[in-house]
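Here the structure comes first, spelled out in structure tokens, and everything after it is commentary.
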Amino acid sequence: MRGLWNTEHVKAAEARLLARTPEGSLMRRAAFGVATVALELLAGRRRVGLLVGSGDNGGDALWAGYYLRRRGVAVFAVLLSPERAHAEGLAAFRKAGGRVVDKLPEVDLAVDGVVGLSARGPLRPEAAEHVAGVTAPFLAVDLPSGVDPDTGVTGGPFVEAATTVTFGCLKPVHALADCGDVRLVEFGLRPELPGPDLMELEREDIAFAWPVPGAGDDKYTQGVTGIAAGSATYPGAAVLATGASVLATSGMVRYAGQAADAVRARWPESICTGSITDAGRVQAWSVGPGLGTGLSAENVLKYVLEAGVPVCADADAITMFANNPDLWDARDPDTAVVLTPHDREYARLMGEDVGDDRVAAARRAAARFNAVVLLKGNTTIIADPGGAVAVNRSRSSWPATAGSGDVLSGVIGSLLAAGVYPLLAAASAAHVHSLAGELAANGAPIPASSLMAAIPDAIRSVRAVTP
Ligand SMILES: NC(=O)C1=CN([C@@H]2O[C@H](COP(=O)(O)OP(=O)(O)OC[C@H]3O[C@@H](n4cnc5c(N)ncnc54)[C@H](O)[C@@H]3O)[C@@H](O)[C@H]2O)[C@@H](O)CC1
Ligand SMILES: Nc1ncnc2c1ncn2[C@@H]1O[C@H](COP(=O)(O)OP(=O)(O)O)[C@@H](O)[C@H]1O
Ligand SMILES: [K+]
């Protein structure tokens with residue numbers, strides 16, 4: 001698991017660390033890290049340009065320029081606010097033979113030291129103009145300027161970084177936005193930090209969480225998944241959700257609903273019935289995709305909420321909660337619920353748009369409904385009502401295709417049935433789902449059924465990291 005910390009916590013921790021380290025030593029350590037990565041990226045080429053802002057981020061860039069000069073690299077710096085440039089950094093840079101220029105010449109690598117942790121808003125026009133004039137790849141200091149450190153939002157021009165070197169710990173921007181290849185320079189900050197504000201699961205975590213049957217298991221002991229999805233109008237949603245569930249874990253899947261014939265025909269291993277009341281016992285329900293929102297769909301939702309097992313509620317189930325909040329009354333407060341809205345469903349459910357701060361939005365919904373909320377998108381946010389938040393960034397957007405969400409809800413249902421902790425179930429499912437999309441697509445569009453079919457490949461790929 002990779003932890004990420006909000007600027008508020010990073011700044012407080014840095015202040016404590018600064019108080020007990022010699023003045024300037026942290027900045028020089030940070031800058032040395034930037035210079036080391038720059039040399040690696042230069043691979044023998046010899047011209048670097050610095051864009052230097054008015055704060056310590058600019059100071060880092062100037063000190064990095066100093067270290068690069070000492071290695072014989074030609075370094076040019078544009079000072080965006082000459083009178084406020086970091087004084088010691090600038091003096092050292094000049095003394096080492098760095099050149100201050102009005103406009104960057106042709107360089108092999110550009111260092112973005114415009115703004116760092118104190119950044120607010122997009123690049124200002126002058127900085128934006130200099131950035132636009134650069135053709136070389138950007139190495140961002142701490143974070144790409146113009147991107148909000150805590151939300152990853154860009155509201156105008158920003159630096160498109162090929163590489164980012166950050167210090168002490170990762171910040172939300174590194175998981176929420178594209179920062180290129182992110183490198184971390186350690187300098188002893190971790191002991192000063194509280195628990196992380198966000199986390200990003202790594203393959204090891206997911207491999208560890210993913211249920212694997214043991215010698216003593218049979219089809220029942222692994223947890224039976226129930227799928228309550230699809231309708232005469234939308235049988236496909238049932239086929240996709242059930243199939244995803246069949247492929248995600250071993251054991252058994254029961255399907256209940258109007259698409260029983262279609263599901264049975266495609267997934268002979270599933271146990272299908274037309275009516276939810278005949279479904280038999282399950283250890284978790286996945287409810288909602290293609291279900292409809294009429295009275296009979298409401299009764300299905302009530303039935304699964306009353307079953308006393310974890311529930312993944314998606315699509316029409318979310319719309320029903322939005323239309324009729326009394327449906328929540330069917331739930332025992334101890335029953336774990338995972339809600340999986342996309343932005344429009346979120347707006348319906350919460351009566352407000354998601355807004356720029358997606359993490360805060362997911363947290364609000366999780367607290368309001370006492371549920372794990374998985375907010376879909378290229379970057380999926382998974383918030384636990386206890387306050388923990390996981391982030392999954394998809395490496396491609398191919399999963400943005402009709403029916404892809406039905407697949408996700410089937411995978412989550414399977415993990416819940418296997419007893420995986422809901423936040424971990426939702427975050428692991430999101431990871432495997434996006435990986436399946438990437439593997440299946442392999443550079444070309446795919447239907448959701450192909451994404452579903454690649455679930456075993458994605459699980460294999462994740463599990464391949466375990467010894
Ligand atoms: N505090 C520490 O312990 C360390 C901090 N370090 C560096 O210090 C940085 C933070 O430095 P500061 O707090 O001085 O602040 P920054 O360097 O992030 O920026 C502050 C200045 O940028 C200007 N600014 C804000 N938004 C802007 C925008 N959109 N466009 C253009 N200019 C904008 C502000 O007017 C302000 O003067 C970190 O990101 C990191 O690079 C490193 O040296 C490591 C140690
Ligand atoms: N741009 C994107 N990049 C990567 N994944 C995406 C993107 N947009 C959506 N997704 C993922 O695709 C799925 C879409 O779900 P959803 O909107 O419910 O589709 P549907 O209702 O058609 O099944 C979600 O898992 C979501 O996270
Ligand atoms: K920067």
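Express the relative contact order of the range 343-457 as a whole percentage, based on alpha carbon pairs under 8 Å and six or more residues apart in sequence.
Relative contact order comes out at 20 percent.
Is there a quick way to get the dipole size of the chain? I mean about its Cα centre, with the Cβ of Lys and Arg at +1 and of Asp and Glu at -1; what is the value in debye to the nearest 20?
Roughly 1360 debye for the chain.
Expressed as a whole number of Å, what is the distance separating the alpha-carbon centroids of the range 205-263 and the range 129-174?
42
Once the dipole of the chain is set up with Lys and Arg at +1 and Asp and Glu at -1 on Cβ about the Cα centre, which of Leu90, Cys169, Val407 lies farthest towards its positive end?
Leu90
Could you sort the peptides 318-326, 151-159, 111-119 by per-residue average Cβ neighbour count (10 Å cutoff), highest mean leading?
111-119, 151-159, 318-326
Would you calculate the separation in nanometres between label points at Ser250 and Glu204, each defined as 7 Å from the Cα along the Cα-to-beta-carbon direction?
Calculated label separation equals 2.5 nm.
If all Cα-Cα distances of the chain are sorted into 20 Å bins from 0 onward, what percent lands in each bin, rounded to whole numbers?
That works out to 24, 45, 25, 6, 0, in percent per bin.
Can you work out the FRET efficiency for the pair Ala402 and Asp356, with r the C-beta to C-beta distance and R0 = 30 Å, to the nearest 0.05?
0.65
For the range 332-442, what does the convex hull of the Cα positions come to per residue, in cubic angstrom?
Here the figure is 98 Å³ per residue.
Take the alpha-carbon centre of the range 33-88, take the same for the range 343-369, and report the distance between them in whole Å.
41
Are there any trypsin sites (Lys or Arg not before Pro) in the range 225-305 that are in a DSSP loop and have at most 11 other Cβ atoms within 10 Å? List them by number.
Sites meeting the loop and neighbour criteria: Arg281.
Give me the one-decimal nm value for the distance between modelled label points at Ala215 and Glu8, 7 Å along each residue's Cα-to-Cβ direction.
Placing both labels 7 Å along Cα→Cβ, they lie 5.3 nm apart.
Roughly how many whole Å is it from the C-alpha centroid of the range 397-425 to that of the range 435-467?
After rounding, the separation between the Cα centres reads 13 Å.
Kindly provide the trypsin sites (Lys or Arg not before Pro) of the range 93-146 that DSSP labels as loop, not H, G, I, E or B, and whose Cβ sees at most 10 other Cβ atoms within 10 Å.
Sparse-neighbourhood loop trypsin sites (Lys or Arg not before Pro): Lys103, Arg120.
Under the rule that an exposed site lies in a DSSP loop and has at most 11 other Cβ atoms within 10 Å, name the longest stretch of the chain with no GluC sites (Glu not before Pro) of that kind, not counting the sites themselves.
353-467
Which one, Thr249, Gly290, Ala322, projects farthest toward the positive side of the charge dipole computed for the chain from Cβ point charges (K/R +1, D/E -1)?
Final value for the positive-end residue is Thr249.
Peptides 271-279, 215-223: what's the order by average Cβ count within 10 Å, highest mean first?
271-279, 215-223
What is the range 203-463 by shape, rounded, prolate or oblate, if you read a ≥ b ≥ c off the alpha carbon gyration tensor as root eigenvalues and call it rounded for a/c under 1.5, prolate for a/b larger than b/c, and oblate otherwise?
Taking the square roots of the gyration eigenvalues as a ≥ b ≥ c, the range 203-463 is rounded.
If you take the square roots of the eigenvalues of the alpha-carbon gyration tensor of the range 408-467 and sort them as a ≥ b ≥ c, do you get rounded (a/c under 1.5), prolate (a/b over b/c) or oblate?
oblate
If we count other beta carbons within 10 Å of each Cβ, what is the order of Cys179, Cys312, fewest first?
Least crowded to most crowded, the residues run Cys179, Cys312.
Any idea what Rg and Dmax come out to for the range 89-236 if you just take the C-alpha atoms, in Å?
23.3, 77
Per residue of the chain, what 222 nm ellipticity follows from adding -39500 (n - 2.57) for every DSSP H run with n ≥ 4, rounded to the nearest 500?
-12000 deg cm²/dmol
Provide the percentage of antiparallel DSSP beta bridges, counting only those with both residues in the range 301-458; round to the nearest 5.
60
Can you tally the lysine pairs in the chain where the Cα-Cα distance is under 29 Å and the two residues are eight or more apart, or on different chains?
5
On a full-extension model of 0.36 nm per residue, what is the gain between Ala132 and Val101, subtracting their alpha-carbon distance, rounded to one decimal in nm?
Contour length minus Cα-Cα distance gives 9.5 nm.
With each pseudo-label sitting 7 Å past Cα toward Cβ, what's the Phe32-Ala444 distance in nm, one decimal?
5.2
What number, in percent, do you get for the relative contact order of the chain if the mean sequence gap of Cα pairs under 8 Å and at least 6 apart is divided by its residue count?
Relative contact order for the chain comes out at 12 percent.
In Å and whole numbers, how far do the C-alpha atoms of the range 2-198 stretch along each principal axis, longest first?
Per principal axis, max minus min of the Cα coordinates gives 43, 37, 34 Å.
Throughout, read-outs are computed from the coordinates displayed, never taken from laboratory work. Since the model is a prediction, treat every value here as computed from it, not as a measurement. Every residue, glycine as well, gets a Cβ built from its backbone with ideal geometry; the counts of neighbours run over all protein chains shown.
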